[in-house]
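Take a look at the structure below.
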Amino acid sequence: MSLDLSLLALVLSAGLALVWGQVRREPLGGLAWGAVLIVGLAGAVAVSAGWKSSLRRNGGPTAEGRIENRPIAVADDGYVSSGRCRACHPRHYDTWHASHHRTMTQVPSTASVVADFDDATVHHFGRDFRFYRGGEGFFMQMETPRSRSSAEPAESRTLELVLSTGAHHQQAFWFATENARSLGKLPLTWLVEERRWVPYGSIFVAPPSRLDMRAGVWNRTCIQCHVVSGRPRWEPESGHDSRVAEFGISCEACHGPAQGHAADHRNPLNRYREHFSSEDDPTLVNPEDLSHERSSQVCGQCHSVFELRDARSRQAFDRDGFAYRPGDDLHASRHVFRYGPDEDALVVQQKLESSPRFFEQRFWPDGMVRVSGREYNGMLETPCHQRGTLSCLSCHVMHQSADDPRPREEWADDQLQPGMRGNRACVQCHTEYEAVDRLAAHTHHPARSPGSNCYNCHMPHTTLGLMKAIRSHTVDNPNVATSIAAGRPNACNLCHLDQTLDWTSQKLAAWYGIPAPELSPEEREIAASVRWILEGDAGQRAIAGWHYGWPPAREASGTEWMGAYLAELLDDSYDVVRFIGYRSLRELPGFADFDYDFVGSEVSREVGRLRALEVWSDGDRPAPSKPLLIGDQGALIQGEFDRIRSRRLDPVVILAE
Amino acid sequence: MTEIPDESNEALLLRTRRRHLVFGWWALFGFALLGLVLEGLHGFKVHWFLDSGYETRRLLWRLAHAHGVLLALVQLGFAASLPFAWPDDSRGLRLASTSLLLAGLLLPLGFFVGGIEIYGSDPGPGIVLSPVGGVCLLIAVGRTAWALAFCRASP
């Protein structure tokens, strides 16, 4: 702006000089033109200085500096923000911009909000919630009715929503409080695919939630990973004064602070020296140039279950953000938890004292991580990473390449390299299975069937998050003994939903020499998925229920019998389990238009279950099957069903995704 | 004001005029054709021209087209203004003419070649031609302006 003003002042001075010359009817001499130039420059300097001074008085050149009711983005401490990167790296910027990393935290705007704010009204927690836009802002009005007998009007509270989280599967919102920049948690979340508002607690594997609008959760927890260089800055007297380098997960989260790089590369000679050099750029970290351990740690700084080592580190984080920078040894500055071989006893003990169920909320009892977003923990336990060179970048790519033919949205879904949904990921190293006959001989399944997809056996969907089952990122082998001991469903029975653990153990023993464990009569006779649905805990029910809708499993197991079990999930005590069950149910013939509300009243859910059973009874009858508790007429063997169902202990399961 | 002994000033003016007219019209043809090609790249949604990663190439080739066409028109204007500017200054004429021809070639070609291989937002090494062409253009324009302002024209 100052350049514009300077030019304007110069042009005006020259124009005045010309006019003056015309009035006097003689052109100006060289001396006069020199004087005009000096006066013009002086005027330009004065105007620029006045403009800058005015900006300083207003708190900075951007509106961000004037905001007081939410955390603000201030690019300092070596950070410059993605806007600066864009100028020189347009393709990388563009691919990042299309990724869901960018939208992890956004300031609500017409461009960023995908939820319904067009006067949408919903009723939850015994209250009416209305979502609407007002000017540039987004608001929620909450009406709390008085008791029925009271004649007083309802209590009304209006909240301004100042930050959002996510935009891919769900969009959560945070509201401004009267407590500095501390944010309150909006009790409702927008489900993108379903296009509806649901209680925030309903999207997690957790017992039914109550109205929770606590302040400070974002400032303490989300700020750790959903922004670049978050600093909570807690002040006991005034509340949080949180600052971030940039909202969302952007360039400098993975490449480190870029101020030095940007300054160095302002010089074109430095840029071209780097263009023509085979050496790594010393001014910035490129995870692709790091060792497989260090590059994975860049992802692991967020995608892991971790804890800072001591109170001093936590204080430093609160003030200055994490000490870790991409390229550093992640484990030097924080403790990444491992369930079994965790040697750092002090941190673990401290954690267990404050949160006794910490591990079971995140790991299966055999040490495999069971919540989404913690994939680095999974990979740490993988032999391919421990003894080989497997890293996150072996399969994933953070910037879609120019010659990748996939639509940008398809790439952005999991940010996988081309071909990585098939066996390419594994045969990069395990080249022996590139040959179709060798692959089929190893898998005992046709080479092009889902049973010959490496992932399906070695990375089954045993992780939960985002209201679905997600692939485990620990590469391991299916094992019935582990299924029994840890309760973690095995890959074979997650595809062959109609088979028993006995069937699986016999196959694994015959094909791979895995010893068959001792099994109970029911483990030998009843299909494993049926038992997980009927008597498993909420985590097992969610995983099994999700697989009832998984196409390879439906193809391998048949679907005529599934309605009876998915109907059971419609009346589950966990919201997420009901949601997953309903989503799988809709995939069955005759259920595409089945109407059901997974966050409806208890009565409506019970009615939904009965209606689903009715629809199932009217459909094609399944063949009799003892493992599936289907009798001669294709009907459920109700006595057995009820007997196994009554054994469900239903322990409280809270998965901290 | 040195005269070239073996060629009359009038002959030099004629030769120079013809040279700029030929160059100008052919450059206009060539760079207008480049414009058509660029439109074609848009029309057929060619990814190595339109994708976001190729923003630099798109900019450089558009600059090549624009500068090429404009400088072709400048050559024609220069040819038209010759008798007014250089009634008798053959050295100045040669300097301005050569510089303008070099500018008409180097400036747009620098943009075009620089856009063939790009490094993010940085053009390829061919871009060095453009500033050289730019300097030539300044010399030609400055020298012509000077000649027009201070020579006693006799068309």
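Taking the 1.4 Å solvent-accessible surface of the stretch B:9-150 as the whole, the part contributed by carbon and sulfur is 75%. Pairs of Cα atoms nearer than 8 Å and 6+ residues apart set the relative contact order; for the stretch A:277-352 it is 32 percent. In percent, rounded to a whole number, the relative contact order of chain A is 10, using alpha-carbon pairs under 8 Å and six or more apart. A DSSP coil position with no more than 16 other Cβ atoms inside 10 Å describes the following trypsin sites (Lys or Arg not before Pro) in the stretch A:197-232: A:R210, A:R214.
In terms of its alpha-carbon gyration tensor, the stretch A:464-600 comes out prolate; a/c meets the 1.5 threshold, and the first ratio a/b outweighs b/c. Ignoring lysines fewer than eight residues from A:K626 along the same chain, the ones with Cα atoms less than 20 angstrom from its Cα are A:K507.
Does the stretch B:9-150 classify as rounded, prolate or oblate by the C-alpha gyration tensor (a ≥ b ≥ c root eigenvalues; a/c under 1.5 gives rounded; else a/b over b/c gives prolate, otherwise oblate)? Because a/c hits 1.5 or more and a/b exceeds b/c, the stretch B:9-150 counts as prolate.
Taking the Cα centre of the protein assembly as shown as origin and charging only Cβ (+1 Lys, Arg; -1 Asp, Glu), how large is the dipole, in debye to the nearest 20?
That gives a dipole near 2360 debye.
Taking every alpha-carbon pair within the protein assembly as shown, the share separated by more than 39 Å comes to 55 percent. For the residues A:T283, A:T389, a 1.4 Å probe over the protein chains yields an accessible-area ranking, largest first, of A:T389, A:T283. Using C-alpha pairs under 8 Å with a sequence gap of at least 6, the mean separation divided by the residue count of the stretch A:485-657 gives a relative contact order of 23 percent. In straight-distance terms, cross-link reach from A:K468 covers every one of the aspartates and glutamates whose alpha-carbon lies under 16 Å from its own, apart from those fewer than eight places away in the same chain; here that gives A:E193, A:E194, A:E375, A:D413, A:D414, A:D537, A:D572, A:D575, A:E587, A:E657.
Sorting check: for A:449-456, A:130-137, A:293-300, which peptide has the highest mean count of neighbouring beta carbons within 10 Å, and how do the rest follow?
The peptides rank, most packed first, as A:293-300, A:449-456, A:130-137.
Taken residue by residue and averaged, Cβ atoms of other chains lying within 10 Å of the Cβ of A:394-405 number 1. Quick one: among B:H65, B:H42, B:H20, which has the greatest mean-square fluctuation in a GNM of chain B with alpha-carbon springs under 10 angstrom? Of B:H65, B:H42, B:H20, the most mobile in the Gaussian network model is B:H42. The residues of the protein assembly as shown present an accessible area of 49 Å² per residue when probed at 1.4 Å with all protein chains retained.
Estimated from helical segments only, the mean residue ellipticity of the protein assembly as shown at 222 nm is -14000 deg cm²/dmol, where each DSSP H run of four or more residues counts as -39500 (n - 2.57). For the stretch A:351-357, putting each phi into the Karplus relation 6.51 cos²θ - 1.76 cosθ + 1.60 with θ = phi - 60° gives couplings of 5, 5, 5, 7, 8, x, 9 Hz, in residue order, rounded to whole numbers and with x for Gly and Pro.
How about the stretch A:267-328: which chymotrypsin sites (Phe, Trp or Tyr not before Pro) there are in a DSSP loop, with at most 15 other Cβ atoms within 10 Å of their Cβ? Please report the intermediate quantities before stating the final value.
Working: sites: A:Y272, A:F276, A:F306, A:F317, A:F322, A:Y324; in loops: A:F276, A:F322, A:Y324.
Qualifying residues, ordered by number: A:F276.
Considering only protein heavy atoms and a probe of 1.4 Å, how much of the accessible area of the stretch A:469-580 is carbon and sulfur, as a whole percent? If you can, show how the numbers build up before the last one.
Numbers: 1600 of 3310 Å².
It is 48 percent, rounded to a whole number.
Computed over protein heavy atoms with a 1.4 angstrom probe, the accessible surface ordering of A:M213, A:M140, largest first, is A:M213, A:M140.
The values are calculated or read from the model by the stated rules, or taken from the named source; none is laboratory data. Keep in mind the model is a prediction, meaning the values are calculated, not measured. Positions of Cβ are backbone-derived with ideal geometry, glycine not excepted, and every protein chain shown enters the neighbour counts. For the accessible areas, the whole protein counts, side chains as well, though only heavy atoms, and no ligand, DNA or RNA atoms are used. Shrake-Rupley method; radii C 1.70, N 1.55, O 1.52, S 1.80 Å.
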